[in-house]
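All remarks here apply to the structure that follows.
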Amino acid sequence: MNILVVDDNDSVLTVLRVALESKGHSVWLATDGTEALKVLQQTDMHAVISDILMPRMDGYQLCLEVRKSERFGNIPFIFHSSTYTSPSDELMAINVGADKFLKKPANVVDVFQALEETLAKPMHKNRMGAPPEEFGLMMEYNARLVSKLESKNIELEAQSHALRQSEEQANKSREQLRALTARLQAAREEERIQIAREVHDDLGELLTGFKLGLAWIGDQITNVPAFSNHQEVMERIAALGLLADSTTKRVRKLCTELRPAVLDDLGLVAAFEWHISEFQKHTNIRCKTTVKEKTLTMGAEQATAIFRIFQEILTNIARHSQASKVRVLLQTDETKFMLEVRDNGRGIQPEQMAGTGSLGLLGMRERALGVGGKLDIQGQKGRGTTVTLTIPAQAPAARS
Ligand SMILES: Nc1ncnc2c1ncn2[C@@H]1O[C@H](COP(=O)(O)OP(=O)(O)OP(=O)(O)O)[C@@H](O)[C@H]1O
Ligand SMILES: [Mg+2]
């Protein structure tokens, strides 16, 4: 048998198609009444199983149109609906000319049974022609449609209210997370300052004591003629002294890396210059820096955020860009502070920016937001990457 299944839901279509085909039927599919009528006009069908609520032309209207047709007006017609399920809906379905009414999702056995029963009915049995009192029927049908739409509307409103609520909740969590990140970063910065100070003071002092001790031993030995290998001992002492000196230098460098003192003592521009010179020493990348307006009045929190963002930008350039040149522009006017770092490397790609595995870019963005600014990253394949940090002057956090 040729069966036409009409439904705007793909999964319902698939389930019914598979079930009916397993019984040896040939199945045609349509997603609304208009499409279904086209199929009926082109191919002879033996039965229709149709949903009711569908776009363009719904099931009731389809049934009315079918019953008006000279050619296929007496075809068995079964409704299969989840929206129109009350007894009066069912009655309406019968009034528009349907043979059967199934509640969705109907058991396939029920579908087969309904199909068998309707196919077994004598073909002439009150199917042909338009049903009586079509106007009255249409009125009732319209009223029913309006009430269904109203209840759907209420349902949708409730859903959108719930959606708005969960969106608000998500926004709140995001805000909390942001505040937490800012707190963590501030705590980390504080800790770095403290460690740098302790390492600098304690280790510095210990190393100085060590050197003084060595000098004292040297003096003692010089005055003891009994030491036959006097010269060799003195050389060892001198070597230990050099080792202490280079350890002191290493400790200082470590402290500066932990927290560049220039940032606190001489300000952002000096810290940038120091970091750029370190960067050039360790990479083969040339840096050209332009500073427009030297007197940057910046709170400590902003200066730290900007400096850490700058460090991450240069680290990324060294690690990923394959660039040979970098241009740094630091600019400030009454309205904003701006840092632009442009490299001539391979160019960051959108999927790398969206990657969830890496934290560098995320950290930069969060830091920028934390001081009321924003970060923009642009990559051009093969032509480089430009990172721009802008902090508006009026942002409450930008001046402290
Ligand atoms: N200047 C750049 N040029 C080309 N690609 C870049 C550049 N900066 C970043 N990228 C790409 O963007 C990705 C993300 O950078 P991000 O700093 O977030 O992570 P990462 O450097 O890989 O790791 P980490 O979390 O240690 O910073 C990098 O893995 C890299 O592929
Ligand atoms: Mg990185």
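The values are calculated or read from the model by the stated rules, or taken from the named source; none is laboratory data. Treat the numbers as computed from the prediction; the structure is a model and nothing was measured. We place every Cβ from the backbone using ideal geometry, glycine too, and count neighbours over all the protein chains shown.
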Q.
Just checking, does the range 43-61 include any residue being assigned to a helix (DSSP H, G or I) and of a type in the set (Lys, Arg)?
A. no
(Q) I need every pair where a residue in the range 234-259 that is closer than 15 Å to residue 218 by Cβ has its Cβ under 6 Å from the Cβ of a residue that is among the hydrophobic types (A, V, I, L, M, F, W, C), sequence separation at least 6 or different chains. (A) 237/214; 240/214; 241/214; 244/207; 244/210
**Q.** Tally of residues being of a type in the set (Asp, Glu) and more than 16 Å from ligand 2 (Cβ to nearest atom) across the range 308-355
**A.** 3
Q | Pair list, Cβ < 9 Å and 6+ apart or interchain, from the range 356-367 residues that are assigned by TED's automatic domain parsing to the domain that holds residue 313 and more than 11 Å from ligand 2 (Cβ to nearest atom) to residues that are among the basic types (Lys, Arg) and modelled with pLDDT under 85 | A | 366/178
(Q) Residues to consider are 354, 368; find the one that is exposed (fewer than 13 other Cβ atoms within 10 Å of the Cβ) and under 23 Å from residue 178 (Cβ atoms). (A) 354
Q) Do you know which residues across the range 1-37 are under 15 Å from residue 55 (Cβ atoms) and of a type outside the set (Gly, Ala, Ser)? A) 6, 7, 8, 9, 10, 12, 13, 31, 32, 34, 35, 37
Q: List the number of the failed condition for residue 85; all other conditions in (1) under 16 Å from residue 140 (Cα atoms); (2) over 43 Å from the mean Cα position of the chain (by Cα) hold.
A: (2)
(Q) Could you go through the range 190-200 and let me know if any residue there is assigned by TED's automatic domain parsing to the domain that holds residue 345, crowded, with 16+ Cβ neighbours inside 10 Å and closer than 30 Å to residue 317 by Cα. (A) no
**Q.** Top-ranked residue of the range 8-38 - restricted to ones that are closer than 20 Å to residue 119 by Cβ and of a type in the set (D, E, K, R), ranked as surrounded by the fewest Cβ atoms within 10 Å (Cβ to Cβ)
**A.** 21
**Q.** Residues that are among the aliphatic types (A, V, I, L, M) and buried (at least 19 other Cβ atoms within 10 Å of the Cβ), drawn from the range 83-99
**A.** 92, 93, 96, 98
Q: Considering each of 292, 381, 374 in turn, give the residue that is in contact (Cβ under 8 Å) with a residue 12 or more places away in the chain, away from ligand 1 (no atom under 16 Å from the Cβ), loosely packed, with under 13 Cβ neighbours inside 10 Å and of a type outside the set (Val, Ile, Thr).
A: 292
